Amino acid sequence: MSTPPSVVPTVPTPNRAVSDPSTSLMGEASPQRMWRAMQGKIFEGICFSSMWVGLLVLLVLMVTLVLKAQGFRDWRSSSIAQLGLRPPVVDALAHAGLKTPREVDRYVADGKSLTDIPGISRSQVRQIDRALDSLKRNRPEGIGLDWQFLSSFTSYKPDEAGIAAGLWGSLLLILMTAFFAVPVGVGAALYLEEYAKGHWLTRLIQLNLTNLAGVPSIVYGLLGLTVFVRMFGYAQRPVATMLAGALTLALMVLPVVIVATQEALRSVPPSLRHASLALGATQWQTIWHQVLPAAVPGILTGVILSLSRAIGETAPLIVLGVPASLRYYPGGFERISDLLHNPSLILRAPGEQFTVLPMIIYTWVENSLDAFKENLAAAGILVLLALLLLLNGVAIYIRQRFQKQIRW
Amino acid sequence: MPPEATSHPPGNLARRLTFNHLKEEAIRVTLAACALLSILTTLAIIFILFTETVAFFRAAEEWNAEYNRSVASASDESAPRKTLPAVVEFVTDPEWTPEQANVKHFGIRPLVIGTLMVAGIAALIGIPIGLATALYLSEYAGPRVRNFVKPTLEMLAGVPTVVYGYFAMLFITPYVLMPIFKGLLGLDVEASNAAAGGIAVGIMIIPMVSSLSEDVLRSVPRGLREAAYALGATKFEVSVRVVLPAALSGILASFLLAFARAVGETMAVTIAAGNQATGSFNPLRTTQTMTAYIVAVSSGEASSGTVEYYSLYAVGAALFVITLTTNILAQWILSRYREVYH
């Protein structure tokens, strides 16, 4: 028996005119169609490249920071051209094997005289000395992101300056801010979501929160200055206590905490509440034992993100009158060992002056010495960014870890 | 049936005397108080700014009267008299020098010009880039690209503003502005200028514009896009001629929100744009924004009750009014946009 001929219809070749926009339906290429295709590519290219601007800026920022924070360690090893000497002098020094400022320095320190080098006259030696001195003054050695930086206080001498007071002040301030902002924020969100949903007052409060979130941070500083520092401040001299700072930042952070908590509460399914109420629990019992535990990861994430914004805030604290050059840890003690001997010292902190890391950075940036303006500020910024990275990492970790635990 | 069964229920079903309803009510009142705190905050801000601004005008009037008296007693014919009432002077006088000792001018115009210059440059930079990013993310990007780009934008948004100020002063001015404007064009670029501040704030608002615009673009119904494709439009035409106009009011709202944020920005402009209220329209010159002025006075030594101290609140009030109206306008536009599509 012969096999019947194949009756599978052949697949028609796709019509080029439909898929290729550069040809018209008549089958001819038209410049108009090509332009339309080109438009699309150009537009896509523009949008694609704008998308990477942010990443580019981040990279440039990080490179600048790292270079500046480390740069001064290397000035002594980098080219002798930094001394600003004339080429013949530079050549003469190079011939003698002195190619970096460090080598020149060591040469002089060894007791040898620079006039021994052929081509260097006495006046040029004076020039070299002056250049070395000003380089040393402007960019002293020994500054950098090291333990000394993290454990000393600010000083007018660049090689002794550090961020200890600011670092601990920032941490303590954030803790106090959280202490005030979290209960009030979660409480307010609970009320808006669980007790008074749909009420006209709730809508008004919601609108109010959105507007408060858009108020510039410096206005919160003015509010804090008037209410917390001048009204509640000490009788003779109104001073920016840690309590005032924490309350001001808590007010600033409150709208974000409330909105984040509301989102977290909304993500808890209503069936959980209904089941709890059906079993006879009161509303608060339902909230405390069922809803809140389920919403905690979302709340924590929102709280940590808003706190990470508060850490970097300088403007409201400047308005409050927070100083930058404090030479003691929050609470008034000068060495960590004092605190270990007497832990209650930390309880004095809320009533005392304090300083924070971004404040120190800002003061250094406005300083006229390069060592402060460029290098120390960069080192301080790196510490601040590391702190932020840590906080955000914790938030992301919490989100990942607890997302899996919730099973409805 | 034993008589006890009807009158005494078994022990474990008997109602105990609890104060549950009182506790519940107390908790409810506490939580309501927490919620009302936000309204209290807004009222406090408005009250404080308003009363202290009134005090400012009063102090300014007093100072003007004092000044006129001292000028009259010195019989100095050439010295200018202060003739306008303080409120009018606030909006019309082209100089702002409340910290000067001899002649104080109370015209807020230079500060407003400074703020608008910086915010304008920021908008010029941040809005196009943010919008283009949002368009790419919502129309063209696949999930892998999106998962990579969105975190970088969030990181950009999380950088503290002091860092942007540092970046502006130490990178943008010497390595971007100086080579272009001084090197190529020969214009004079000051060390702290409005352009550097504007660029830094512009970069800062890119994530905001991008995320808000992307939300708006994604909420345009798919049917609209698919109809356009069905009619033979290219991807570019769909994005630019169909989706973008449909989302226009929402995008406009996101621009306004970003502009309000740029107006309220403090640290980056204080560091990068300077502290001299020149009121100049040249972006390469120093200028002082309203926020930078507040920082400058707060860092100085203004004792309470003086006109310098009150000028803080007057400028703060002006700032608050500008940002509040911009935000309210943006919210209103957004609410109308949502009505149309949902």
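The values are calculated or read from the model by the stated rules, or taken from the named source; none is laboratory data. Everything numeric in this text was worked out from a predicted model, so none of it was measured. Don't worry about glycine lacking a Cβ; one is built from the backbone with ideal geometry, like all the others, and counts go over all protein chains shown. Ligands, DNA and RNA are stripped out before the accessible areas are found, and what is left, the full protein with its side chains, is counted by its heavy atoms. Shrake-Rupley method; radii C 1.70, N 1.55, O 1.52, S 1.80 Å.
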Enumerate the calculated ³J(HN,Hα) couplings along the range B:22-38 in order (Karplus 6.51 cos²θ - 1.76 cosθ + 1.60, θ = phi - 60°), each rounded to whole Hz, writing x wherever the residue is Gly or Pro. 5, 4, 4, 5, 4, 5, 4, 5, 4, 5, 5, 4, 4, 5, 6, 4, 5
Can you list residues whose amide H is under 5 Å from A:GLU352's amide H, if they're 5+ apart or on another chain and H is modeled 1.01 Å from N? A:MET242, A:LEU243
Taking each residue of A:305-314 in turn, how many C-beta atoms of other protein chains fall within 10 Å of its C-beta, and what is the average? 3
As an exercise, use a Förster radius of 25 Å and the Cβ-Cβ distance of B:LEU43 and B:ASN102 to find the FRET efficiency, rounded to the nearest 0.05. 0.05
Whose amide H sits under 5 Å from the amide H of B:PHE106, counting only residues 5 or more places off or on another chain, with H placed in the peptide plane? B:THR97
Inter-label distance for A:LEU277 and A:VAL394, nm, one decimal - labels placed 7 Å from Cα along Cα-to-Cβ: 3.6
From the cross-link list A:LYS99/A:LYS373; A:LYS373/B:LYS150; B:LYS150/B:LYS182; A:LYS373/B:LYS104; A:LYS197/B:LYS23; B:LYS104/B:LYS182, the entries with a Cα-Cα span beyond 26 Å are A:LYS99/A:LYS373; A:LYS373/B:LYS150; B:LYS150/B:LYS182; A:LYS373/B:LYS104; B:LYS104/B:LYS182
For the protein assembly as shown, the charge dipole (Cβ of Lys, Arg +1; Cβ of Asp, Glu -1; about the Cα centre) points to a positive end, and the Cα of A:LEU173, B:ILE205, A:VAL394 closest to that extreme belongs to A:VAL394
Estimated buried accessible area (total), pair A and B, 1.4 Å, Å² to nearest 100: 6400
Calculated FRET efficiency, B:LEU184 and A:SER368, Cβ-Cβ r, R0 22 Å, to nearest 0.05? 0.15
Work through the residues other than B:GLU154 whose Cβ is under 15 Å from its Cβ and net out their charges, Lys, Arg +1 and Asp, Glu -1. +2
Residues of chain B: accessible area per residue with a 1.4 Å probe, Å²: 48
Partner chain Cβ atoms within 10 Å, averaged over the residues of A:56-62 - can you pull that number for me? 5
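If you keep only loop residues by DSSP, which GluC sites (Glu not before Pro) in the range B:265-342 have at most 12 other Cβ atoms within 10 Å of their Cβ?
B:GLU301
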Under the rule of -39500 (n - 2.57) per DSSP H run of 4 or more residues, summed and divided by the residues of chain B, what mean residue ellipticity at 222 nm is obtained, to the nearest 500 deg cm²/dmol? -21500 deg cm²/dmol
Under a point spin-label approximation (7 Å from Cα along Cα-to-Cβ), what is the B:LYS235-A:LYS41 distance to one decimal in nm? 1.3
With +1 at each Lys and Arg Cβ and -1 at each Asp and Glu Cβ, the charge dipole magnitude of chain B around its Cα centre, to the nearest 20 debye, comes out at 1320
Within the range B:181-202, name every residue whose backbone N is under 11 Å away from a label modeled 7 Å from Cα of A:VAL66 along the Cβ vector. none
Return the Cα extents of the range B:18-127 along principal axes one, two and three, sorted largest first, each rounded to a whole Å. 85, 44, 20
Cβ-based net charge around A:PRO358, under 14 Å, with every Lys or Arg adding one and every Asp or Glu removing one: -1
Expressed in nanometres to one decimal, the distance between label points 7 Å along Cα→Cβ at B:GLU66 and A:TRP200 is 4.9
Note, the range B:210-225: 3J(HN,Hα) by Karplus (6.51, -1.76, 1.60, θ = phi - 60°), whole Hz, Gly/Pro = x, goes 5, 6, 5, 5, 5, 4, 5, 5, 5, 7, 5, x, 4, x, 5, 5
Apply 1/(1 + (r/R0)^6) to the Cβ-Cβ distance of B:VAL54 and B:ALA191, taking R0 = 51 Å, and write down the FRET efficiency to the nearest 0.05. 0.85
Of the listed peptides B:67-74, B:314-321, B:203-210, what is their order by residue-averaged count of other C-beta atoms within 10 Å, with the highest listed first? B:203-210, B:314-321, B:67-74
Compute the relative contact order of the range B:12-148 as a whole-number percentage, counting only Cα pairs closer than 8 Å that sit 6 or more residues apart in sequence. 11
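How large, in percent, is the carbon and sulfur part of the accessible surface of chain B at a probe radius of 1.4 Å?
Carbon-and-sulfur percentage of accessible area, whole number: 64.
So between A:HIS289 and A:PHE48, what do we pick up on full extension, going 0.36 nm a residue minus the alpha carbon distance? Numbers along the way, then the final one.
Details: separation 241, 0.36 × 241 = 86.76 nm, distance 4.83 nm.
Extra length available between A:HIS289 and A:PHE48 comes to 81.9 nm.
What does the structure give for B:139-151 when I average, per residue, the other chain Cβ atoms found within 10 Å of the residue Cβ?
Mean shielding by partner chains, rounded to a whole number: 2.
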Charge tally for neighbours of A:THR248 with beta carbon under 13 Å away, counting Lys, Arg as +1 and Asp, Glu as -1, is 0
